[in-house]
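Taking it in order: structure first as structure tokens, then the write-up.
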Amino acid sequence: MVADSFMNQRLLVCCLNIQEARNSVVVSQLINICSNNLIKSFVDPLYNRSNLTFCGLKDEIVSLVDQISDVALENIDVNSPDRVTDSTMHHHIGIIDNIPVHPLHNTTVEDAAETAISVSDTLISKGIPTLLYGAADKELGRSLVQVRKSTSFFQRGQTSDNGQITGHPRLGTSVVGAVPYVLSFNMVINTGDIDRIVPLIPGIRSKRYGVQVMPYKNVFQGENVVEIACNLTQPCSLKGGSEKRIMAVSQNLKFACNIGTMFSPSTSLIDRLKHARTCGFDALEVAFPYTWSLDEWQEALAAHPMQVVLINTPLGPNKEPGLAACQNKQSEFLAGIEKGVEYCNALRCSQLHIMAGNEPHYEGQKTMFLTQMRKSSDVLKKWGIVGLIETISPGVIPGYFLNDPRETLNLVADIACDNIGFQFDVFHFSMLGESDDQIATLFNETNLKHIKHVQVAQTPKRNEVNAEGGIDYRRIFKHMISKNYSGFVGLEYKPADLSDMPCSKATLKFLSEF
């Protein structure tokens, strides 16, 4: 949904929070429901919580929540043992935990309240009880915090009984409200000493812009991080503020540090995560996590919490770059898938790049590849993992089976499994001779439904995206934003100067534009 086309209409915005971020198939369904109205999606597997921010007219908001609740009813259970005992999950009293509705343009808080009450009525009709807050709570006008304090929200191990009313057996209770628009963000500080952070709070608060802050210890990975949760209650009071500005704030790309390519081989895993966090990254990708044991991964992630967004299947027994298109290797291929699943589950990673291999062409190779991919889809679906395939240029892996982006996209369509997608690697496309215009053309609305992950590096030396080379990344990134791409962008480059690993100040400044 383009902001300009709505400026003459009565617009509302809804920032729906739902307790699901680890089952990527379900998350994709939820995002697709909102695709035409989506401003921003934020998926946080560490807390197992996603936020969908979408705008529209009253009826559109109600309809989208209705569709989202249908998907939740079919796929999620608040009382499943893994959820009840998981101490890393965000506090909640229901799966669709909080549904705030805000006035955005040509609307008032009362309009938002009317919409919120309609949302509540829709959920109640499905047997999902609701609690109202803000302007939607006509009787008491309670705040969100007041409503939550009346329930079991601030307790761990919640059940469908929220302490005030009996919730739906699968989805618990939803909280629905109407309040002025608020921009929420967290400041993450690498310290376990909250007492050092509290004195900073007065300097962060702002009456002029309505900055509210509340420090709390990071509960998902132990003792080394403090987060300062901030609400910007008057975003339009910023210089140049407008509804368009609110939307623009939300349309940023999400970058993931590739801890394989961006560091020297001698750098330890824990130091790679430490340096990545220092540079401001909270997400990582890595081709071959198998270099380190799961114990080493757990130790590193406990010390420096990061979201793992992509790993590859392991190399074949003879160091083959994948086996999906190889004949007489079916058992070895499935063993590699199982190993990938083991690491995905341990690292809470929801995407697995399935490597195809570079075996010389043989009759029936395409059929073999499609069969292997569909088998892997069945395995991955049990764990909520999305499998990805990628075009790789011959200069990197000679003879790789997937060597043309259009053919690879066609293969994704031929596989026809909703948990198999396309890994869009701009570097490889450019090395194959694709111009910036052609790359932008490939990143279109039709292909976007298949594009689950993007990787970038500058040609020809695979250095930083802001280095001199054959790709205008400022143009590519702006194009991606214009298409409302909501996945991660993996920085799969090799620093030109290893003293800058993983990211020089110039590169960080460049990335901050997007």
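The values are calculated or read from the model by the stated rules, or taken from the named source; none is laboratory data. The model shown is predicted, which means the values in this text are computed figures rather than measured ones. No Cβ is skipped: glycine too gets one built from the backbone with ideal geometry, and neighbour counts run over all protein chains shown. Accessible surface is based on the protein model in full, side chains and every heavy atom, while ligands, DNA and RNA are left aside. Shrake-Rupley method; radii C 1.70, N 1.55, O 1.52, S 1.80 Å.
Of note:
- Scanning region 369-382 turns up one or more residues that are surrounded by fewer than 22 Cβ atoms within 10 Å (Cβ to Cβ), without any contact (Cβ under 8 Å) to a residue 40 or more places away in the chain and part of a helix (DSSP H, G or I).
- For region 107-137, the set of residues classified as touching a Pro at 6+ places or on another chain (Cβ under 8 Å) and either surrounded by fewer than 22 Cβ atoms within 10 Å (Cβ to Cβ) or of a type in the set (S, T, Y) (or both) consists of V109, D111, listed by residue number.
- When E338 is tested against the conditions (1) touching an Asp or Glu at 6+ places or on another chain (Cβ under 8 Å); (2) of a type in the set (D, E); (3) in contact (Cβ under 8 Å) with a residue 40 or more places away in the chain, the lone failure is (1).
- Among the residues of region 452-465, just one is more than 17 Å from S435 (Cβ to Cβ) and open to solvent by 60 Å² or more (accessible area, probe 1.4 Å), namely K461.
- Checking each residue of region 474-483 against the condition of being modelled with pLDDT under 95, touching a helix residue (DSSP H, G or I) at 6+ places or on another chain (Cβ under 9 Å) and part of a loop (DSSP other than H, G, I, E, B) gives at least one match.
Yes or no, residue by residue, for (1) of a type outside the set (A, V, I, L, M); (2) under 30 Å from T53 (Cβ atoms); (3) buried (at least 16 other Cβ atoms within 10 Å of the Cβ); (4) under 21 Å from the mean Cα position of the chain (by Cα):
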| position | (1), (2), (3), (4) |
| --- | --- |
| H479 | yes, yes, yes, yes |
| F488 | yes, yes, yes, yes |
| A506 | no, no, no, no |
| L511 | no, yes, yes, yes |
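- Among the residues of region 411-433, those identified as under 21 Å from Y485 (Cβ atoms), small (G, A, S) and either touching a Pro at 6+ places or on another chain (Cβ under 8 Å) or open to solvent by 10 Å² or more (accessible area, probe 1.4 Å) (or both) are A413, S430.
- Cβ pairs under 6 Å, 6+ apart, first in region 305-316 and assigned to a loop (DSSP other than H, G, I, E, B), second polar (S, T, N, Q): P305/Q221
- Residue list for region 383-397, restricted to those being open to solvent by 70 Å² or more (accessible area, probe 1.4 Å) and either in a helix (DSSP H, G or I) or small (G, A, S) (or both): G395
- When I397 is tested against (1) without any contact (Cβ under 8 Å) to a residue 60 or more places away in the chain; (2) over 20 Å from the mean Cα position of the chain (by Cα), exactly one condition is not met: (1).
- Screening I471, I451 for residues that are in contact (Cβ under 8 Å) with a residue 12 or more places away in the chain and over 30 Å from L370 (Cβ atoms) leaves exactly one candidate, I471.
- Taken as a whole, the structure leaves D414 outside the set of residues that are among the acidic types (D, E) and modelled with pLDDT under 95.
- The numbered conditions (1) at pLDDT 95 or above; (2) touching a Phe, Trp or Tyr at 6+ places or on another chain (Cβ under 9 Å) are all true for R374 except (2).
Residue-by-condition table, conditions (1) open to solvent by less than 30 Å² (accessible area, probe 1.4 Å); (2) of a type in the set (A, V, I, L, M, F, W, C); (3) farther than 20 Å from G490 by Cα:
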residue: D295; (1), (2), (3): no, no, yes
residue: K319; (1), (2), (3): no, no, yes
residue: C326; (1), (2), (3): yes, yes, yes
residue: L334; (1), (2), (3): no, yes, yes
residue: C344; (1), (2), (3): yes, yes, no
residue: L347; (1), (2), (3): yes, yes, no
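- The listed residues are L104, L73, L140, and the only one of them that is open to solvent by 10 Å² or more (accessible area, probe 1.4 Å), in contact with a strand residue (DSSP E or B) (Cβ under 7 Å, 6 or more places away or on another chain) and modelled with pLDDT of 85 or more turns out to be L104.
- Residue count for region 23-39, restricted to those that are assigned to a loop (DSSP other than H, G, I, E, B) and within 16 Å of Q351 (Cβ to Cβ): 1.
- Region 255-286, subset at pLDDT 90 or above, charged (D, E, K, R) and open to solvent by 20 Å² or more (accessible area, probe 1.4 Å), residue farthest from F54 (Cα to Cα): D271
- Residue pairs whose Cβ atoms lie under 8 Å apart, sitting 6 or more positions apart in sequence or on different chains, and linking a residue in region 264-291 that is of a type in the set (S, T, N, Q) to a partner that is crowded, with 16+ Cβ neighbours inside 10 Å and not in a helix (DSSP H, G or I), are S264/M501; T267/M501.
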